[in-house]
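Student: Quick one: structure below, then a few questions.
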Amino acid sequence: MFKLTSNPIMGSSNIRDILTSFSPSLDYFAICAGDARIKIWDTLKGQVQTEFADIASTETTSFYSNKPERGHLSVDYTCMKWLALDKKKKRKLGSSLLVLGTGSGDVLALDVAAGQLKWRISDCHPGGVSAVSFATHGSCIYSAGADGMICEIDSLAGNLLGKFRGSTNGISCMAVSPDGKMLATAAGQLKTFNCSDHKKIQKFSGHPGAVRFMMFTEDGKYILSSAVGERCIALWRTDGGKRQSASCVLAMEHPAVFIDGRCIDSGEVDDAGLYVLAISETGVCYFWYGKNIDELRNTKPTKISISSEGIISQNQKGAFPAIFAAKLQGISKPASAHAFVVHGLLIKPSFQKILVHSGTDITLHSSQDGVLLPMSQSVIKSKKGLDLQNRVTALDRAYAEDAVLPLPKILDVHEKKNRHQTLITDPGEVMADSLDSKIQAKFVESKDDTVEVEADSAMVCMEDRLRSLGILSGKDDPRLNLACKSTLFNDIDLEANMPEKKMRAAVLSMSPSNACELLEVLVNMWQSRSDRGKHNLHWIYSILVNHSHHVLSQKSLNPMLNSLYKITKSREVAFQPLLQLSGRLQLIMAQIDKATDDKIQIPSHDDQIDESEDEDEDVEELLYGEVDNESQISSDEDD
Amino acid sequence: MIRGGRSHVSSPPAFSNDAKRLLVCTGNTVSIFSTSTGLQIKSLEGHAAEVTTVTVEPAASKVLCYCWTASLDGSIKYWDFSVPELLKTVDIKLPIFSMVIPSLLGQPTERNEKQHNIFAYVSVEDTRETTNPRKKKQPKPKPKPLSGRICKCNLTESRLAGGVTLAEMKVPQVITISPSGKYFGIRKHHKLLIWKVPDVESERMVMRKITLHHTKKMTVLAFHPTQRIVAAGDVTGRILIWRRFGDKTFAVSDGLVDGNLMSSEEERPGVRDNDDADSCTTWHWHPSQVNVLNFSSDGAYLYSGGQEGVLVVWQLDTGKKKFLPRIGSPLLYFTFSPDPSLSSVSLQMSSADNQIHLLKMPSMEILKSISGIKLPCSVPEGYEALCRGIAFDQSAGLVALHTGNYCIQFYSLLDDRGISEVQVCERNHQPGDDVTVVVTLVALSQDGSMMSTAELKIAEEGIGGLVCLKFWASGSQNKEFSLSTVIYEPHRNSQLWLLWYRDAGISAIAFHPTRRVAVSSSYAGDFKVWICHDEFQQKDPMLQNSGWSCHAVGSYKYGSSFIFSCGAVNYISPCRKKAMTAAAFSADGSVLAVAAETLITLWDPDENVLVAVIGETLAPIMSLSFVGKSEYLVATSRGSKPQLSVWSMSKLSASWSYMLQIEAVATAVDASSFAVLALLPESPKCKELNGTVFQGRDGVILLFNATDPVPVASWSVRKAKGGFLAFLQVNPSSIQEYISDGKPPQTLLAYMNADHEYVLFDPYGEETHELSVIHREDLLASEESGHYGYASIYGELPEFQLKKNQATWTPSAPSEKPWETIFNWFIT
């Protein structure tokens, strides 16, 4: 699309000779580097939109035939600014002009969209134009030159409207306030003028050298200026007395070539403050923020620079990345601002919107895409390309192996439920069992619920699955209580067979209230037929013995103790017959053994027969589910 | 209000006399571009419908800039486009599809007489019941068989020339005029009709006409600038050249004294039947339809271009060829620059992907390109439903849309400019080839730094189909995306591929609002949560290996209501799984909603735990979206039982629903309102009503507050089928310039129609101001008619019934007449 040309600033190590300008709506960017070729970049695409090589000379041949023909190299642009003509149609390029001043004293305006010279004033300032400026949406342009005069030009037609003397010496810089009422010139010292009657308002002294850049803040209250060779930016107050010195000086490491500032005074208190952005000769951007002048004076600048990695070798003359232009776009929150930055290499700048926060330095990485590089660098470049290629990860069928699998769940579906009702929701109903594997999972089927269990893949072992399977129950499950409580007593293994002494020590080490809680849990466990009472009873006994005082004092425990007593009594009644039964059974079993010569061991027995039966059933069912394909189950019960 | 995305290639463009400007028909306006910079300078605004013809008045002086435009709104306008200023309007009240003005092309010296009438020949579509009192045409039952006709129009007196209808045809055709202005012609199926323009025009002049026949349907024709040669292209790619056409018919009036006239009677090679031509030669190079034919200004060369995107230059005498290949898309128009004084003749060429190339001749090098938004690309039959290839970057105001050449174009809606293109599939695009790969989905993360695309290689006879999911990472600020991870067959299970015939196509991709996590759901019945690895490796800058991997999988099985894991080892027949048709993350990212056909399953994306199931809708859900930070979820389903339903997350139940055919849903990031694009029903009565009330608009944008079934605002739109909606967050400083008064809005609603034309407006703006603006415009217009129209709708639309829901929360909308409810509220 565009030709890559040799770097026009070959050998120079700073950006002070480069003229840059943003279009009013920041979507285009004009850059001109010494050889009078103006390139218009599309900031969105990052591409050259168009290039004006020798527009001044070609246009003069057709429209101003008396002028001698000259090549573009003979034109020397000294200043460039992009002016919006119409406030409302700001985004339409047709209503904006690129105003240029030349070293030979001409002022010309380009219609960028049409690619035509709009107008030209020849020999406006003998000795060269030093600055052009205009109010935000004003209809007239001011130009200043080495002859010390200031010209007022009609921006539409290019007619010279007026001329007045701004200084006896040559003017080095000039700026117009955004409202168009005030004009500031600098020729060693700063002066402000009233635009309507051209009378001097103020005089500021402090710049010994020629001022290179000067601007008004948006509200017109401050002027920011920087001079050749001075490593600072001066801030001047326009509403003060007749003669003033700088109200604030911001120091930099290199002289500034470009400044942008914004002052938000009233309105939202949060945003209030002064924001100053400057670019030094070496292409480093500085940012200051202060709530007021005093704070601004004391702040350290925030630096935005190009990373040194991008600079491949210093001996490549000219091709050094820098920040060329920047613009404050808006204030997002106090002390930070959006800045639109143009950086990289001059032949292929990058455009980036960044958020600058005061106090946080930013390093930008310049990309070398689209830049023709010398041979030595192309090797590195190609390596980079390889890296890029390598970074692509390709996944095929094996990719999902370490993926998290969903926790399987059983949901109850009420078939009769209406369509719009929530099918199932309460996570409290579906609980994961986190107890040890000794407690076997149990499936309780409620009457109107259809519950299915689908065992999963064969890879998962049964124990894990059982552990993770939820239990559906309408009632509160005491084991869940224990599950939560067990964290409290995690150093005690309730299931283990402990010697009495140890048990006593453990119980004594508990606080009385904890012991009471444990007591409750244990009683609950024992009452529900789900648990073996073998060790429980020992624990209960131990607690009652060792914490008797506390238990007595707790009225709330009375009903529980009552019921415990009743149960104990009732079991006690059954104890004798049970022993008899046990003895009889033992006898019978022994006889059977003898008779069949079988080696079946008598199952160790405790008093909870029902429980073991339950267990057996469960295991059987699960085994069935395991062996057969579970999809069969689902298909059976699907419909 | 911002508009954009206009097509540059709807009609042939025209050069200004100094060749420095190019006039391009862009929707209702004519945009004027600079040929040297490629930037838009001005636009001619005034037509109320699409502009179909722009003709620059030739003048000896380069300074004169006058042009005629004709539009579908039935008017012809005369402009001074240097200012620009409207000078004259001729209203003929019939939609004009094409217009030629022969007298402009004649010798300028002859037009010195001031009283000379200027006649134009227009190709119009007759929409009147009784067309012409003179013809005494009986009102015919609709649709009319021959609604297209060629008429003569007196531009000086601003009226149609009475009774002159040169031809009638089914659809209006484009009129082509010879460069000398002596002949013009149209193509009518297998025939060319050519008229000779009378030397002295008057209204009642009888026009002489000849007909040339061919065996194929013709697509384009062109006249030789000096000789009586006409060339025509047909659908098979042949180019036919008739020499000395109309010798017999036109000779007398031409005053030609030609001795050969009689002798050539016997041998007329290639000429069919009794066609009035001397000879007919056929050239065949183009493999498919010829779209472009143009003779060079000296008549020595013929330029042709077609569907395959190659420009061919034929030497007329010898038939030798030269090519300009790799243009990349079908050529549509070809225009010469009029300025002979330019050392290099630049000419201009439009191609179908909405680009205009300026060529430098004779080297045929592309100097500049003017490009717009990519036009919707065609998708093979049966895959339209799969393709939802558009995504919005809400914060940056960008839209990502997939193009015909396997690219994703990033287009800035605020600036109306393309930003970049990302090649998604590594394959060459050849226009005219059969499409074998379709980019089905595009998704962008909320900050715009990540993109995900899904593509589908279409199986040929059931073999070779491949689904591919790709994740892209944004390299730098300019939306230069680089491929990060590619996953082949993301949802297909290897062990099962023989057992199962269902499509493993990806139905939706959604990004987590804050983290580098995405979810993809598949019609095969599972969804997968993907996670980007460099989230963990940010501390170690050396490890730049940023790949995505599968974090979790899940599926939902209905009936058995058991959720099972589905990893690489899964032998369960997937046919029992419900197709996952849509997926969305909530605004804070804590809940993942996946639609399992008619049910909505809610998951904890980190733990991969099913939290809840809510449902169900009447038809499979097509899209899901959470309404901002509120607790509501919007689901839409299409099909015979379309539905828009809003679900409350706190109650886990339906809050309210409408039976509307929803094309698109947009939710703002932080507001509690959402907008839907609803299609108007297509019952005959409604169509009739559309003509009066909706003025041809087929869709309505409704803005709802999630808690309230009564819409806050509504706008009716055209070309809603295939349209898109999105809320854009706007940086106030960047938008300031577009808003003339008042404070800039926080959010804009973007509506993009099926042709990728779009409009941005403030949905919460001042109603009166906004609506009046909209009403003037064509693309989007408000409803300002009275109630009378709606009463008749209700009788016709019994299918519109608010679905009752069982939730304890009672909807405040009346149950019977949703449209009435909707409309009564905003007609104020």
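Condition check ((1) more than 14 Å from chain B (Cβ to nearest Cβ); (2) modelled with pLDDT of 90 or more; (3) open to solvent by less than 20 Å² (accessible area, probe 1.4 Å); (4) under 28 Å from B:SER82 (Cα atoms)) across all residues:
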{"site": "A:ASP111", "(1), (2), (3), (4)": "no, no, yes, yes"}
{"site": "A:ALA114", "(1), (2), (3), (4)": "no, no, yes, yes"}
{"site": "A:LEU117", "(1), (2), (3), (4)": "no, no, no, yes"}
{"site": "A:ALA146", "(1), (2), (3), (4)": "yes, no, no, no"}
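Student: When you look at B:ILE408, is it assigned to a loop (DSSP other than H, G, I, E, B), more than 30 Å from B:THR236 (Cβ to Cβ) and modelled with pLDDT of 85 or more, yes or no? So that I can check it myself, show each step before the final result.
Tutor: Details: assigned to a loop (DSSP other than H, G, I, E, B): no; more than 30 Å from B:THR236 (Cβ to Cβ): yes; modelled with pLDDT of 85 or more: yes.
No.
Student: Looking at the stretch B:44-74 only, could you name the residues that are of a type in the set (Ser, Thr, Tyr) and surrounded by fewer than 21 Cβ atoms within 10 Å (Cβ to Cβ)?
Tutor: Our first condition is that a residue be of a type in the set (Ser, Thr, Tyr); within the stretch B:44-74, this holds for B:52-53, B:55, B:61, B:66, B:69, B:71.
Those that are of a type in the set (Ser, Thr, Tyr) and surrounded by fewer than 21 Cβ atoms within 10 Å (Cβ to Cβ): B:SER61, B:TYR66.
Student: Select from the stretch B:69-84 the residues that are outside any strand (DSSP E or B) and over 25 Å from the mean Cα position of the chain (by Cα) and list them in ascending order.
Tutor: Of the stretch B:69-84, the ones outside any strand (DSSP E or B) are B:72-74, B:81-84.
B:PHE81, B:SER82, B:VAL83, B:PRO84 - these are the residues of the stretch B:69-84 that are outside any strand (DSSP E or B) and over 25 Å from the mean Cα position of the chain (by Cα).
Student: Small (Gly, Ala, Ser) and in contact with a helix residue (DSSP H, G or I) (Cβ under 6 Å, 6 or more places away or on another chain) - does that describe any residue in the stretch B:194-203? Lay out the reasoning, then the answer.
Tutor: So in the stretch B:194-203, the residues small (Gly, Ala, Ser) come out as B:202.
Now restrict to residues that are in contact with a helix residue (DSSP H, G or I) (Cβ under 6 Å, 6 or more places away or on another chain): none.
No, the stretch B:194-203 contains no residue that is small (Gly, Ala, Ser) and in contact with a helix residue (DSSP H, G or I) (Cβ under 6 Å, 6 or more places away or on another chain).
Student: Can I ask one more? (1) of a type in the set (Gly, Ala, Ser); (2) assigned to a loop (DSSP other than H, G, I, E, B); (3) over 23 Å from A:SER25 (Cβ atoms): which one isn't true of B:ALA396, the others all being true?
Tutor: (3)
Student: Let me ask you something else. Would you be able to tell me the number of residues in the stretch B:1-39 that are closer than 30 Å to B:GLN746 by Cβ and crowded, with 21+ Cβ neighbours inside 10 Å? Spell out the reasoning first.
Tutor: Narrowing the stretch B:1-39 to residues closer than 30 Å to B:GLN746 by Cβ: B:1-6, B:26-29.
Remaining after also requiring crowded, with 21+ Cβ neighbours inside 10 Å: B:4-6, B:26-28.
Of the residues in the stretch B:1-39, 6 are closer than 30 Å to B:GLN746 by Cβ and crowded, with 21+ Cβ neighbours inside 10 Å.
Student: So how many residues does the stretch B:20-48 have that are away from chain A (no Cβ under 14 Å), closer than 20 Å to B:ILE373 by Cβ and either outside any strand (DSSP E or B) or in contact with a helix residue (DSSP H, G or I) (Cβ under 8 Å, 6 or more places away or on another chain) (or both)?
Tutor: 2
Student: For the list (1) assigned to a loop (DSSP other than H, G, I, E, B); (2) modelled with pLDDT under 55; (3) closer than 20 Å to B:ARG6 by Cβ, I need the number of the one condition that B:GLY722 fails.
Tutor: That leaves (2) as the condition not met.
Student: I would also like to ask the following. Select the strands (runs of 3 or more DSSP E) contained entirely in the stretch A:222-341, then report the ones holding at least 1 residues which are of a type in the set (Ser, Thr, Tyr) and modelled with pLDDT of 85 or more. Full working, then the answer.
Tutor: On the way: elements: A:222-227, A:232-237, A:248-251, A:256-264, A:273-280, A:285-290, A:302-306, A:322-333.
Fully inside the stretch A:222-341 and qualifying: A:222-227, A:273-280, A:285-290, A:302-306.
Student: While we're here: Quick one: what pairs do we get from the stretch A:565-579, first residue open to solvent by 90 Å² or more (accessible area, probe 1.4 Å), second assigned to a helix (DSSP H, G or I) and not hydroxyl-bearing (Ser, Thr, Tyr), C-beta under 7 Å, 6+ apart or different chains?
Tutor: Taking only residues 6 or more apart or on different chains, not a single pair turns up.
Student: From the list B:SER61, B:SER7, which residue is assigned to a loop (DSSP other than H, G, I, E, B) and under 15 Å from B:GLY372 (Cβ atoms)? I'd like the intermediate steps shown before the answer.
Tutor: Values: B:SER61 fails: under 15 Å from B:GLY372 (Cβ atoms).
Of B:SER61, B:SER7, the one residue that is assigned to a loop (DSSP other than H, G, I, E, B) and under 15 Å from B:GLY372 (Cβ atoms) is B:SER7.
Student: Would you mention how many residues in the stretch A:180-205 are of a type outside the set (Phe, Trp, Tyr), farther than 18 Å from A:SER245 by Cβ and touching a strand residue (DSSP E or B) at 6+ places or on another chain (Cβ under 9 Å)?
Tutor: If we filter the stretch A:180-205 for residues that are of a type outside the set (Phe, Trp, Tyr), which is where we start, we get A:180-192, A:194-203, A:205.
Add one more test, that the residue is farther than 18 Å from A:SER245 by Cβ, and what stays is A:180-183, A:194-199.
Still in the running and touching a strand residue (DSSP E or B) at 6+ places or on another chain (Cβ under 9 Å): A:180-183, A:194-195, A:198-199.
Going through the stretch A:180-205 one residue at a time, the tally reaches 8.
Student: If you scan the stretch A:25-39, which residues turn out to be within 11 Å of chain B (Cβ to nearest Cβ) and surrounded by 23 or more Cβ atoms within 10 Å (Cβ to Cβ)? Even if it seems obvious, please write down each step before you answer.
Tutor: In the first step, residues of the stretch A:25-39 are kept if they are within 11 Å of chain B (Cβ to nearest Cβ); the result is A:25-28.
A:TYR28 - this is the single residue of the stretch A:25-39 that is within 11 Å of chain B (Cβ to nearest Cβ) and surrounded by 23 or more Cβ atoms within 10 Å (Cβ to Cβ).
Student: A further question follows. Does the stretch B:678-689 contain at least one residue that is at pLDDT 80 or above and open to solvent by less than 10 Å² (accessible area, probe 1.4 Å)?
Tutor: Kept after step one, since they are at pLDDT 80 or above, are these residues of the stretch B:678-689: B:678-679.
Okay, now just the ones that are also open to solvent by less than 10 Å² (accessible area, probe 1.4 Å), so B:678.
Yes, the conditions are met somewhere in the stretch B:678-689.
Student: B:PHE295 - would you say it is at pLDDT below 85 and aromatic (Phe, Trp, Tyr)?
Tutor: Working: at pLDDT below 85: no; aromatic (Phe, Trp, Tyr): yes.
Taking the combined requirement at face value, the residue does not satisfy it.
Student: Could you list, in sequence order, the residues of the stretch B:268-314 that are more than 36 Å from the chain's Cα centre (by Cα) and not acidic (Asp, Glu)?
Tutor: Of the stretch B:268-314, the ones more than 36 Å from the chain's Cα centre (by Cα) are B:268-281, B:298, B:300.
Across the stretch B:268-314, the qualifying residues are B:ARG268, B:PRO269, B:GLY270, B:VAL271, B:ARG272, B:ASN274, B:ALA277, B:SER279, B:CYS280, B:THR281, B:ALA300.
Student: Could you look through the stretch B:456-478, keep only residues that are in a strand (DSSP E or B) and away from chain A (no Cβ under 14 Å), and pick out the one that is nearest to the chain's Cα centre (by Cα)? Full working, then the answer.
Tutor: Keep residues of the stretch B:456-478 that are in a strand (DSSP E or B), which gives B:456-457, B:460, B:463, B:466-474.
Among the residues that remain, those that are also away from chain A (no Cβ under 14 Å) are: B:456-457, B:460, B:463.
Values: B:LEU456: 22, B:LYS457: 24, B:GLU460: 28, B:ILE463: 32 Å.
It comes out as B:LEU456.
Student: Restricting to the stretch B:657-672, count the residues that are acidic (Asp, Glu) and not in a strand (DSSP E or B).
Tutor: 1
Student: Given the criterion open to solvent by 10 Å² or more (accessible area, probe 1.4 Å), within 34 Å of the chain's Cα centre (by Cα) and within 14 Å of chain A (Cβ to nearest Cβ), identify the matching residue among B:THR617, B:THR667, B:THR598. Steps first, please.
Tutor: Working: B:THR617 fails: open to solvent by 10 Å² or more (accessible area, probe 1.4 Å); B:THR667 fails: within 14 Å of chain A (Cβ to nearest Cβ).
Exactly one of B:THR617, B:THR667, B:THR598 is open to solvent by 10 Å² or more (accessible area, probe 1.4 Å), within 34 Å of the chain's Cα centre (by Cα) and within 14 Å of chain A (Cβ to nearest Cβ), namely B:THR598.
Student: Is it the case, given these coordinates, that B:GLU426 is open to solvent by 60 Å² or more (accessible area, probe 1.4 Å), within 14 Å of chain A (Cβ to nearest Cβ) and over 28 Å from B:GLN729 (Cα atoms)? Reasoning before the result, please.
Tutor: Numbers: open to solvent by 60 Å² or more (accessible area, probe 1.4 Å): yes; within 14 Å of chain A (Cβ to nearest Cβ): yes; over 28 Å from B:GLN729 (Cα atoms): yes.
Answer is yes for this residue.
The values are calculated or read from the model by the stated rules, or taken from the named source; none is laboratory data. Note that the coordinates shown come from a computational prediction; the quantities given were computed from them, not determined experimentally. Glycine gets a Cβ as well: all are built from the backbone with ideal geometry, and neighbour counts include every protein chain shown. Heavy atoms of the whole protein, side chains included, go into the accessibility calculation; ligands, DNA and RNA do not. Shrake-Rupley method; radii C 1.70, N 1.55, O 1.52, S 1.80 Å.
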